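Note sheet for the following structure.
The values are calculated or read from the model by the stated rules, or taken from the named source; none is laboratory data. No experiment lies behind these values; they were computed from the predicted model shown. Here the Cβ is made from the backbone with ideal geometry for all residues, glycine too, and neighbour counts use every protein chain on show.
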Amino acid sequence: MADNSSGRGFAGWLRAFGHGANIARLVIINVLFFGALFLILILAMRGAPKVEANSVLLLKPTGMLVEQFSIDPTQRALARAAGAPVGQVQVRDLVAAIDHAAHDPRITKILLDPSDMQFGGMGALEEVGAALDRFRAAGKPVVAWGTNLGQMQYLLAVHANEVLLDPAGSISITGLSDYRSYYKTLLDKLGVSAHLFRVGTFKSAAEPYILDAPSAASLEADKYWMGGLWNTWLAEVGKLRHIDPATLGQQIDNLPTEIPAAQGDVAQLALKLHWIDGLATREDVVKMMQKQGVATDNGTGFRAVSLAQYLPQTVDLGLGKPQVAVIVAEGDIVAGKQPAGKIGGESTAALIRAARADRNVRAIVLRVDSPGGEAFAAEQIRREVVLARQAGKPVIVSMGDLAASGGYWISMDANRIFAEPDTITGSIGIFGLYFTASDGLSKLGINTAGEGTTPLAGAFDFRRPLDPTMGAMIQSSVDKGYRDFVGNVAKARGKSYADIDAIAQGRVWSGEQALQRGLVDQLGGLEDAIAYAAKDAKLGNNYAVRYIEPPSGAFQRLFMDLGNSATARMLSALGVHVPSSWLAALPRVAPELQLLEHAQPDKPVTYAYCFCRIH
């Protein structure tokens with residue numbers, strides 16, 4: 001009989017080693033976890049600065065105003081730790097800080113400098129402006145000061161009690177525009193054919209690939225919706241500055257002659273036109289704050305708290321309260337799972353599904369800022385909206401800067417749709433786009449030939465001309481997509497197909513124009529939508545608002561906490577292929593080409609998309 005004692009001994013040793021290793025692993029993990037938790041708690045208790053009595057809330061947002069951060073959490077943490085601007089400012093953060101400060105006895109006023117703020121549109125800006133109005137309604141003043149204000153920065157500044165401008169500064173008001181680049185001549189020279197299949201007289205998103213200039217229908221539609229937005233801008237600024245809108249419009253039209261007559265001194269001209277209340281340097285503003293009773297003990301500055309410092313004061317966990325879930329849908333609508341900054345057909349649908357399954361969530365607000373994108377991805381999200389309603393949870397849509405085409409598609413089945421007067425929406429239409437390069441390849445001496453087992457085999461090979469029968473097939477699919485889009489809107493809005501078709505056809509509307517045509521239910525911002533959702537769910541005033549977003553990794557969450565702390569800032573102070581850089585710059589140089597980012601060469605893609613950003 002063989003002696004297996006040595007084998008059994010080795011196996012036992014392996015088991016003992018494995019058991020010991022497992023215990024060691026668990027110990028290390030627990031030490032790291034509880035150590036990190038302890039560190040976070042210490043930083044949470046020490047990181048938030050004390051807000052002194054009689055302080056000024058200093059708002060100097062830097063970067064793009066967004067609904068949701070698209071910059072990686074780790075990058076944001078590193079920027080904060082280094083004391084550098086993040087590059088993006090969330091609408092919700094600004095609004096939360098302003099609203100909390102309105103009822104905070106320690107905050108006496110707001111000093112706003114929007115000079116370094118960037119805007120994608122007017123809708124989100126209206127949210128911040130409304131919050132400033134609520135702050136003023138609470139009996140607290142807002143002072144706005146800037147160096148160089150564009151027309152969007154100025155639109156925010158006029159919500160202040162007093163608007164000041166640096167004597168060496170300027171205000172640049174030019175009106176709204178929507179210019180695009182057109183590529184037909186270039187494509188012809190390259191021997192590339194763009195095949196466009198669309199429904200809608202005004203569906204002009206893909207015109208840059210088949211024309212060298214905008215169509216008459218496109219110009220007509222653009223002039224109408226941009227005129228509506230511009231009239232809203234004039235009316236709001238005129239009301240807040242006590243200038244008749246027609247007079248204000250004439251002042252702006254006269255700038256090409258008025259600025260030279262003022263010898264280029266735009267600041268003095270702005271004072272003369274009553275666009276501002278006075279001229280002041282930074283030092284003048286500091287002295288003004290000091291005279292108003294908020295001087296520091298050493299007399300060199302004034303008591304102030306920044307947005308980043310004040311935000312922790314606004315946190316309300318809402319434990320034990322029913323919740324209104326807010327889900328942000330910002331960016332292009334793309335298939336699959338997408339990071340923040342894009343709307344994924346799967347990922348955004350999953351967020352709505354999670355809210356539907358959460359017993360604490362009683363209502364959902366979908367905040368939309370999107371020009372649209374892939375039709376099927378939009379349909380995935382729309383279906384989840386319907387399922388949430390069927391589950392007894394009201395879904396309210398709040399439109400931000402832009403909720404057009406696919407952005408409207410994901411909105412249409414909500415219980416109620418809110419839009420700002422200057423939201424860009426509509427563009428109900430469908431198109432398919434497909435490129436072939438047979439002519440270009442032929443010029444290079446390359447010919448494509450072969451066999452296929454069916455008429456469809458190889459039909460979408462970009463090296464071959466598009467067969468007319470294939471074109472008819474694609475057009476029939478696009479026609480069906482349009483009928484489905486219009487039919488679903490008609491069903492959701494309680495109107496006939498003909499009624500919706502008459503205001504669809506790919507035509508773009510401002511929020512106010514859309515209200516007049518029954519595409520939205522009410523003018524208002526995100527706060528109005530949340531309040532309506534709570535009322536519809538019969539929550540009274542006892543509810544919490546929770547943003548449902550894709551979770552970040554544990555390391556990223558820890559790093560964010562570290563980056564937000566004063567301790568981390570102190571430690572930081574101690575211590576043929578196209579180049580990717582070109583691709584990163586391409587959306588700025590030729591934004592129309594971003595539509596092709598997710599195109600697939602072996603099949604046409606159906607889009608519900610709108611190139612309707614203002615500049």
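In segment 444-491, how many are on the phi > 0 side of the Ramachandran plot and either touching an Asp or Glu at 6+ places or on another chain (Cβ under 8 Å) or exposed (fewer than 13 other Cβ atoms within 10 Å of the Cβ) (or both)?
2
Taking segment 210-269, which residues are of a type in the set (D, E, K, R) and in contact with a Ser or Thr (Cβ under 6 Å, 6 or more places away or on another chain)?
Answer for segment 210-269, where residues must be of a type in the set (D, E, K, R) and in contact with a Ser or Thr (Cβ under 6 Å, 6 or more places away or on another chain): just Asp212.
Here are the criteria: (1) in a loop (DSSP other than H, G, I, E, B); (2) in the same structural domain as Lys291 (by TED's automatic domain parsing); (3) surrounded by fewer than 23 Cβ atoms within 10 Å (Cβ to Cβ). Tell me which single one Thr147 does not satisfy.
It is condition (1) that Thr147 fails.
Can you tell me which residue among Ala96, Ala131 is under 15 Å from Asp528 (Cα atoms), out of contact with any Ser or Thr (no Cβ under 6 Å at 6 or more places or on another chain), of a type in the set (Gly, Ala, Ser) and assigned by TED's automatic domain parsing to the domain that holds Gln290?
Going through Ala96, Ala131 in turn, the sole match is Ala131.
What residue, of Glu236, Glu258, is surrounded by 14 or more Cβ atoms within 10 Å (Cβ to Cβ), modelled with pLDDT of 90 or more and not assigned by TED's automatic domain parsing to the domain that holds Gly121?
Glu236
Checking Ser193 against (1) surrounded by 19 or more Cβ atoms within 10 Å (Cβ to Cβ); (2) of a type in the set (S, T, N, Q); (3) within 25 Å of the chain's Cα centre (by Cα), which single condition isn't satisfied?
(3)
Among Ala97, Ala124, Ala130, which is the only one that is touching a Gly at 6+ places or on another chain (Cβ under 7 Å), at pLDDT 95 or above and part of a helix (DSSP H, G or I)?
Ala130
Select from segment 188-232 the residues that are among the aromatic types (Phe, Trp, Tyr) and either in the same structural domain as Leu155 (by TED's automatic domain parsing) or assigned to a loop (DSSP other than H, G, I, E, B) (or both) and list them in ascending order.
Selection gives Phe202 alone.
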